[in-house]
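Here is the structure we will look at, set down as structure tokens.
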């Protein structure tokens, strides 16, 4: 029972859904089996599902069939089958009720099939009014528009006024939906292709891009323009105009998209900036900073009310690079409460230690680093990197050599993401070179600068370049 689809789905329900499910099961229209109701009571009312113990069918059977003398596996399986069937129908209903426009389109379909003209027209006009009031206008908006218009055309085809059928409106609606969803799907495919080294046939995408060149007015529709420029950023990465347009779409039209969707778009733009930053294009540090700031202001970058520690730390690091010390200090204080409780204190101390390091208050930076719990591997490496930089600048040569050696050993022992391992390993190699360089040998310094610039990724890359320059 523990590994059944029934329990897996039931455990995913929130409190409201659990209550609504009871109403569903209590209605004879949806469930006529008393054993299903009793199984619900056993799992939820008696709270067996919350007790953290493994649930066995034999145990549940005794509660569902209290008068039975022996366990009947077939009977228990049948009860679970009908419970699962009712649960799946409940989920379908919930999904349908959450999309009112789609519900109206389905009602229109039934009224068309029954040829009830007056009710059909009333529902159709209601659907159009409802559609016009929608704030979210992503691909789903255009799909729903097409579905309701399709029902209208099919209904008109049943009558005598065939000449009045609005095929043009239906065709335009279909085009908008297809363009919006095709560009969205293609953008996702290319991202997946890049990350996982896949190769996809993009089908009609090249023709769609050519078509949109001839119809630039369509790019003013956010559901189309947003993904057009996102896609262009992926396939023509060296054209800065595409990024500018993509960023403008996000900041001006992001409110037309569901929160999860505009979050993904904002992060895609930030990742574009990070790739450019890693390639040495320094102007994108400011672009990334502005996108993060926009995301925090609109609460786009929050998931379930929390900011992830990596998002928080990335923004702090970018702010340090741009010397936005006062702004970042205020950000740390104001937004620290939006971090998950288990990370809050650690990230707060680490972020403030970085701020004090960048502003030259090394004593306070070291004190704050001592308050960080180093069970977090990425945070540990970031902390060690700050210490190495301080030891170098303070000429603590013995401590520096010891810390470089211990950090190399730490990286070898721990399981790290390939990016982090490469980034910190490169930093350690380069800082070791920096400690041994002849400050009076111009050629040697130039070679080290070339090597730092050539290495990607490298933690604290700009700091390394600044140290060579200051020799």
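Rounded to the nearest 500, the helix-only mean residue ellipticity at 222 nm of the chain stands at -23000 deg cm²/dmol, with each DSSP H run of n ≥ 4 adding -39,500 (n - 2.57). Sorting 385, 194, 251 from the fewest to the most surrounding beta carbons within 10 angstrom yields 194, 251, 385. Prolate is the label for segment 100-165. Its Cα gyration tensor axes, ordered a ≥ b ≥ c, give a/c of at least 1.5 and a/b above b/c. Distance from the Cα centroid of segment 206-230 to that of segment 383-433 is 47 Å (rounded to whole angstrom). Residue exposure proxy: 255, 356, ordered by other Cβ atoms within 10 angstrom of their Cβ from fewest to most, comes out as 255, 356. Peptides 3-11, 461-469 ranked from most to least packed give 461-469, 3-11, packing being the mean of other C-beta atoms within 10 angstrom over each peptide's residues.
Computed extension length for residue 418-residue 322: 31.9 nm, one decimal, from 0.36 nm per residue of separation with the Cα-Cα distance subtracted. Using only the Cα atoms of segment 286-393, build the gyration tensor, take square roots of its eigenvalues as a ≥ b ≥ c, and label the shape rounded, prolate or oblate: rounded if a/c is under 1.5, else prolate if a/b is larger than b/c, else oblate. Verdict is oblate for segment 286-393.
Counting beta carbons within 10 Å around each of 100, 220 and listing the fewest first gives the order 220, 100.
Values in this text are rule-based calculations from the coordinates and carry no lab data. Because the structure is a prediction, the values reported are computed rather than measured. Because the Cβ atoms are built from the backbone with ideal geometry, glycine has one as well, and the counts that use them run over all protein chains shown.
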